[in-house]
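Trainee: Starting off with a structure, shown below.
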Amino acid sequence: MLPFARVTVIGLGLIGSSLLRAIRAEMPTVRLTGHDASAEVRDIARHLDLADDITDTVGAAVTDADLVILCVPVRAMGDVAEAMRDDLPGEAIVSDVGSCKAEILAALTAALPGQAIVPAHPVAGTENSGPESGFASLFKGRWCIVTPPADADSTAVERVSELWRRIGANVERMDAAHHDLVLAVTSHLPHLIAYTIVGTASDLEDVTRSEVIKYSAGGFRDFTRIAASDPTMWRDVFLSNKDAVLEMLQRFSEDLSALQRAIRWNDGDALFNLFTRTRAIRRSIIEEGQDDPAPDFGRTHS
Ligand code: NAP
């Protein structure tokens with residue numbers, strides 16, 4: 001049996017539009033409704049036929065939903081929840097896909113007291129945004145971390161987990177605070193480092209900057225993919241997951257200082273040992289099916 005008959009997605013960008021495409025592909029009888037704050041995005045969504053109905057208001061989108069999934073920037077979640085409160089059926093489950101979970105859980109709980117809330121985070125994405133950039137297979141073979149509050153109804157948690165499994169994700173359950181710490185290391189810190197390196201290059205003198213672009217295949221260009229990610233999304237992630245990010249940044253700064261010392265004092269063993277450990281991590285990621293084994297990220301060299 002399908003976990004839900006009527007699913008509403010609010011926010012029709014990369015993740016929201018991918019979710020609609022994936023549900024339609026895997027569960028074609030589910031009735032899909034979508035809404036986005038932007039009239040232009042709504043028009044594109046209608047043109048792409050992303051859902052059975054694209055509504056002009058958030059209230060109209062949720063009136064008969066079994067499940068509402070918020071796919072808006074992290075710091076917009078609370079406002080959207082407030083805006084839909086009066087039209088939301090009491091038995092509907094509310095979920096979201098935000099990249100940090102503790103602050104969102106607090107915002108949704110405050111806005112929707114008594115409602116079943118089952119937050120989730122699909123660890124899948126690209127550097128692109130908007131409805132045209134989504135695709136149905138985005139979540140296949142990727143993890144979706146479900147972070148329900150301690151007192152969540154177990155049936156609601158299972159139904160949301162089953163929806164993600166049906167569209168190809170592997171589901172893991174985690175406490176929201178622990179999720180935020182784990183993602184601070186695996187996602188938020190790497191983005192911060194990429195934004196820093198690419199920002200430094202853009203501050204260089206014009207002549208040097210053109211050389212940075214010209215010789216970017218030396219490593220720089222791999223950071224630029226991450227640093228091209230959506231500015232609104234990432235501003236919200238860092239402000240929302242401030243404590244965990246600052247804690248991991250402190251650890252990172254200490255490790256960077258240790259590397260600086262090793263270079264200054266010609267400690268080749270320290271460098272070699274670290275680079276050997278990091279190479280093993282790349283191999284584990286490939287072995288776990290979380291990246292393509294092709295060298296150089298599968299770029300063609302013809
Ligand atoms: P996106 O492509 O920019 O889409 C977000 C959409 O939400 C935009 O169309 C935006 O419209 C709309 N929106 C903003 N405020 C709204 C509101 N109050 N009501 C209704 N719609 C609103 O972003 P995304 O990459 O899909 O990210 C959406 C969520 O997924 C974020 O919470 C993010 O943390 C999470 N996530 C992202 C990734 C990733 O790799 N991108 C991965 C996992 C989870 P405007 O453009 O007009 O503002």
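The values are calculated or read from the model by the stated rules, or taken from the named source; none is laboratory data. Remember, predicted model here, so these are calculated numbers, not experimental data. Cβ: placed from backbone, ideal geometry, glycine included. Neighbour counts: every protein chain shown. SASA here: full protein model, heavy atoms, side chains in, ligands and nucleic acids out. Shrake-Rupley method; radii C 1.70, N 1.55, O 1.52, S 1.80 Å.
Trainee: Against the conditions (1) open to solvent by less than 90 Å² (accessible area, probe 1.4 Å); (2) modelled with pLDDT under 95; (3) of a type in the set (Asp, Glu); (4) more than 18 Å from Ala194 (Cβ to Cβ), where does Asp296 fall short? Just the number, please.
Mentor: Condition not satisfied by Asp296: (4).
Trainee: Within the stretch 136-145, which residues are surrounded by 15 or more Cβ atoms within 10 Å (Cβ to Cβ) and part of a loop (DSSP other than H, G, I, E, B)?
Mentor: Ala136, Leu138, Phe139, Arg142
Trainee: Restricted to the stretch 223-250, and to residues that are under 19 Å from Glu127 (Cα atoms), part of a helix (DSSP H, G or I) and touching a helix residue (DSSP H, G or I) at 6+ places or on another chain (Cβ under 7 Å), which residue is most open to solvent (accessible area, probe 1.4 Å)?
Mentor: My answer is Phe223.
Trainee: Also, I was wondering about something else. Does Ala65 satisfy being among the small types (Gly, Ala, Ser), away from the ligand (no atom under 11 Å from the Cβ), open to solvent by less than 10 Å² (accessible area, probe 1.4 Å) and closer than 26 Å to Thr109 by Cβ?
Mentor: Spelling it out, Ala65 is indeed among the small types (Gly, Ala, Ser), away from the ligand (no atom under 11 Å from the Cβ), open to solvent by less than 10 Å² (accessible area, probe 1.4 Å) and closer than 26 Å to Thr109 by Cβ.
Trainee: Follow-up question, since we're still on this one. Could you list, in sequence order, the residues of the stretch 101-127 that are within 21 Å of Lys140 (Cα to Cα), within 13 Å of the ligand (Cβ to nearest atom) and part of a loop (DSSP other than H, G, I, E, B)?
Mentor: Pro119, Val123, Ala124, Gly125, Thr126, Glu127
Trainee: May I pose another question? Which members of the stretch 263-289 meet the condition of being without any contact (Cβ under 8 Å) to a residue 60 or more places away in the chain and part of a loop (DSSP other than H, G, I, E, B)? Give the steps one after another, and end with the answer.
Mentor: Residues of the stretch 263-289 that are without any contact (Cβ under 8 Å) to a residue 60 or more places away in the chain, as a first pass: 263-288.
Matches in the stretch 263-289: Trp265, Asn266, Asp267, Glu288.
Trainee: Right, Asp203: over 25 Å from Ile281 (Cβ atoms) and assigned by TED's automatic domain parsing to the domain that holds Glu287 or not?
Mentor: Yes; evaluated as a whole, the condition is true for this residue.
Trainee: What do you reckon, is Ala184 free of Cβ contacts under 8 Å to residues at least 60 places away in the same chain, among the hydrophobic types (A, V, I, L, M, F, W, C) and within 14 Å of the ligand (Cβ to nearest atom)?
Mentor: No.
Trainee: Something else: So, in the stretch 68-98, of the ones that are within 10 Å of the ligand (Cβ to nearest atom) and part of a loop (DSSP other than H, G, I, E, B), which residue ends up surrounded by the fewest Cβ atoms within 10 Å (Cβ to Cβ)?
Mentor: Checking each candidate, the answer is Pro73.
Trainee: Are any residues in the stretch 15-34 within 12 Å of the ligand (Cβ to nearest atom) and either open to solvent by 20 Å² or more (accessible area, probe 1.4 Å) or part of a loop (DSSP other than H, G, I, E, B) (or both), and if so, which ones?
Mentor: Ile15
Trainee: Right, Val171: outside any helix (DSSP H, G or I), over 22 Å from Ala76 (Cβ atoms), open to solvent by less than 60 Å² (accessible area, probe 1.4 Å) and aliphatic (A, V, I, L, M) or not?
Mentor: yes
Trainee: Among the residues of the stretch 40-50, is any part of a helix (DSSP H, G or I), more than 12 Å from the ligand (Cβ to nearest atom), modelled with pLDDT of 95 or more and open to solvent by less than 20 Å² (accessible area, probe 1.4 Å)?
Mentor: no
Trainee: Here is a list: Ala136, Ala106, Ala156, Ala65. Which entry is over 23 Å from the mean Cα position of the chain (by Cα) and among the small types (Gly, Ala, Ser)?
Mentor: Ala65
Trainee: Looking at (1) part of a helix (DSSP H, G or I); (2) more than 27 Å from Arg173 (Cβ to Cβ); (3) open to solvent by 60 Å² or more (accessible area, probe 1.4 Å), can you tell me which one Ala37 breaks?
Mentor: (1) is the only condition that Ala37 fails.
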